[in-house]
Ligand SMILES: Nc1ncnc2c1ncn2[C@@H]1O[C@H](COP(=O)(O)OP(=O)(O)OP(=O)(O)O)[C@@H](O)[C@H]1O
Ligand SMILES: [Mg+2]
């Protein structure tokens with residue numbers, strides 16, 4: 001089979017006897033006969049529409065927050081609400097500058113971000129592993145799923161006393177709580193997605209000789225990638241929620257501590273500052289993950 | 001020109017033997033026999049077409065040979081050795097294209113290459129196969145960007161990429177328009193001539209079966225049928241050598257016989273009837 005035509009040139013296609021192969025050449029003539037949908041069906045990323053323009057999306061998304069800020073300012077400047085209930089935006093800004101000058105704001109933000117990151121990465125990694133196990137193996141499903149389902153039902157705050165008892169009030173207890181929070185969205189989405197990978201595709205992979213890790217890499221993981229990514233985003237959001245739970249109760253640093261401490265000292269401006277910072281940081285980290293998600297999905301889905 | 005970049009030159013076609021193969025499925029309504037008493041010998045390099053009413057077990061029979069499913073009784077032998085699990089010597093084109101949606105057509109076809117194919121040889125073979133099935137221009141498209149017929153041809157190319165000893169094709173041309181279908185039939189014969197494989201091909205198209213196959217196997221549905229009948233209703237030897245004349249008179253008779261076996265009423269064609277070909 002190798003010897004009758006050299007290379008992959010453009011000469012006439014012949015079989016071993018030198019007889020031209022009937023079917024092979026006519027296609028050049030009917031190129032594109034049914035290739036029509038190629039262009040038409042290509043999903044339009046930039047499909048015109050006013051609301052899908054980038055500028056419109058950025059400006060439009062900022063509209064309501066700015067309006068809220070304006071209303072906030074108007075309400076406080078007009079004396080509608082007393083400052084001890086709702087300080088003006090400007091005094092929240094001043095509080096931020098003040099804390100910055102003392103070098104405290106940086107510390108609070110940095111330690112909170114660090115806790116979220118470590119907790120998120122640990123929890124998500126364990127969630128990925130256990131989710132894959134439970135999603136792929138019947139045995140793991142039978143043995144693990146009920147226990148994890150029960151653990152999942154425990155409200156986050158219920159863990160706090162135990163964690164403090166076992167891990168003391170150090171970093172471990174907080175990071176562990178955050179990891180628990182990040183674990184479940186990843187675990188549940190990955191396990192469920194793997195269970196529902198199109199069995200036809202898995203069978204096709206097996207039919208072409210893929211098994212074990214290679215089958216996982218080639219068929220199952222790409223198939224569940226979108227679910228994994230949305231699970232990761234949920235986990236990140238959950239990590240911020242659990243951060244505050246952890247810091248509210250026992251800490252001397254971090255945004256949760258700032259909240260708690262400001263409540264005790266009656267600094268409403270700082271409370272608002274912490275809330276705004278949590279909102280900004282949460283949204284920012286989510287946007288970063290969303291960017292990565294988009295890039296990955298463009299490549300693999 | 002897939003034929004210029006073979007991935008293995010020493011790969012022989014394999015003989016396939018089915019001995020008293022039985023397959024029964026458990027359903028809510030009790031057990032349901034789908035295949036019974038299938039005895040069959042495919043000679044190396046032979047093309048056998050499988051026809052029969054929908055649900056009679058054609059795909060199931062193919063799955064027994066590919067090792068994707070195991071019979072409840074009887075044996076399946078490839079070159080004398082029993083099929084145990086998925087067999088590297090076979091390649092399947094499923095009834096549905098089953099392409100990986102996140103891969104380009106080229107990458108999907110590459111999945112069919114035998115393991116250990118050198119990168120360059122593999123790429124060349126994939127490109128040629130895609131061109132052969134008329135998808136040269138669509139190599140970089142994703143499955144969702146192509147038509148059903150294009151996806152089916154990519155799936156055929158994926159099976160051919162394996163250069164298998166036994167090629168199992170489940171209605172490979174079902175989603176194609178009439179013209180493309182004829183071209184693909186000829187393509188299959190050309191590839192078969194250059195890289196002989198034992199081919200088991202399921203089709204609903206009696207003409208296609210008679211044009212391509214050395215033998216046509218008519219399966220019957222066991223649903224509600226007599227207890228003692230086997231799945232194989234008839235085996236028909238197709239006269240003449242390939243490439244056949246699509247308008248061959250002798251095929252008309254067989255065509256009528258097969259259609260009748262499938263329960264399609266035809267007007268009977270008597271041997272020697274000078275008007276026989278009108279029924280084609
Ligand atoms: N895994 C399964 N479990 C239960 N029943 C099954 C299974 N696979 C196939 N069957 C049954 O076996 C019968 C034959 O199925 P099969 O897919 O082989 O039919 P077919 O001849 O290929 O039909 P078609 O021409 O419509 O593709 C059907 O009635 C189907 O319901
Ligand atoms: Mg079928």
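Here, each number is a calculation from the coordinates, and none is a lab measurement. Note that the structure is predicted; figures quoted are calculated from it, not measured. So basically every Cβ, Gly included, is an ideal-geometry build from the backbone, and we count neighbours across all protein chains shown.
A few remarks follow.
- Relative packing of A:260-266, B:56-62, B:84-90, which averages over residues the other C-beta atoms within 10 Å, highest first: B:56-62, B:84-90, A:260-266
- Taken over the protein assembly as shown, the alpha-carbon convex hull comes to 229 cubic angstrom per residue.
- FRET efficiency, residue B:54 to residue B:81 (Cβ-Cβ, R0 30 Å, nearest 0.05): 0.35
- Cα convex hull volume per residue for the range B:140-180 (Å³): 82 Å³
- Size-normalised alpha-carbon gyration radius of the range B:40-149, reference 2.2 N^0.38 Å: 1.26
- Exercise: per-residue mean of other protein chain Cβ atoms within 10 Å, B:93-100: 4
- Scattering profile of the range A:239-301 at q = 0.11, 0.20 Å⁻¹ [log10 I(q)/I(0), Debye over alpha-carbon scatterers]: -0.36, -0.75
- With 0.36 nm allotted per residue and the present C-alpha distance subtracted, the residue B:123-residue B:193 stretch has 22.9 nm of extension available.
- Among beta bridges identified by DSSP and lying wholly in chain B, the antiparallel ones come to about 55 percent.
- Longest to shortest principal axis, alpha-carbon extents of the range A:88-300, angstrom: 67, 40, 22
- Annotation: the range B:162-219 has a Kirkwood hydrodynamic radius of 11.9 angstrom, from the mean reciprocal C-alpha pair distance.
- Counting every pair of alpha carbons in chain B, the share spaced more than 26 Å apart comes to 44 percent.
- Ratio of Rg to Rh over the range A:160-265 (Cα coordinates, Kirkwood Rh, two decimals): 1.23
- Kirkwood hydrodynamic radius (C-alpha pairs) into Stokes-Einstein, the range A:195-242, 20 °C and 1.002 mPa s, D in µm²/s: 178 µm²/s
- log₁₀ of I(q)/I(0) at q = 0.12, 0.20, 0.21 Å⁻¹ - the range A:52-202, Debye sum with one point per alpha carbon: -0.85, -1.12, -1.16
- Helical contribution to [θ] at 222 nm, DSSP H n ≥ 4, -39,500 (n - 2.57), averaged over the protein assembly as shown, rounded to 500: -16500 deg cm²/dmol
- Length released on extending from residue A:51 to residue A:121, taking residue separation times 0.36 nm less the Cα-Cα span: 21.7 nm
- DSSP beta bridge pairing in the protein assembly as shown, given as percent antiparallel to the nearest 5: 55 percent
- Within 10 Å of the Cβ of each residue in B:84-90, the mean number of Cβ atoms contributed by other protein chains is 2.
- Here the ratio of the Cα radius of gyration of the range B:97-198 to 2.2 N^0.38 Å is 0.99.
- Solution diffusion estimate, µm²/s, Stokes-Einstein, the range B:12-87, Kirkwood Rh from C-alpha pairs, 4 °C, viscosity 1.567 mPa s: 100 µm²/s
- The mean count of C-beta atoms from other chains within 10 Å of the C-beta of residues in A:197-207, rounded to a whole number, is 6.
- Modelled label reach - residue A:81, point 7 Å along Cα→Cβ, the range A:247-266 residues with backbone N closer than 19 Å: A:259-260, A:262-266
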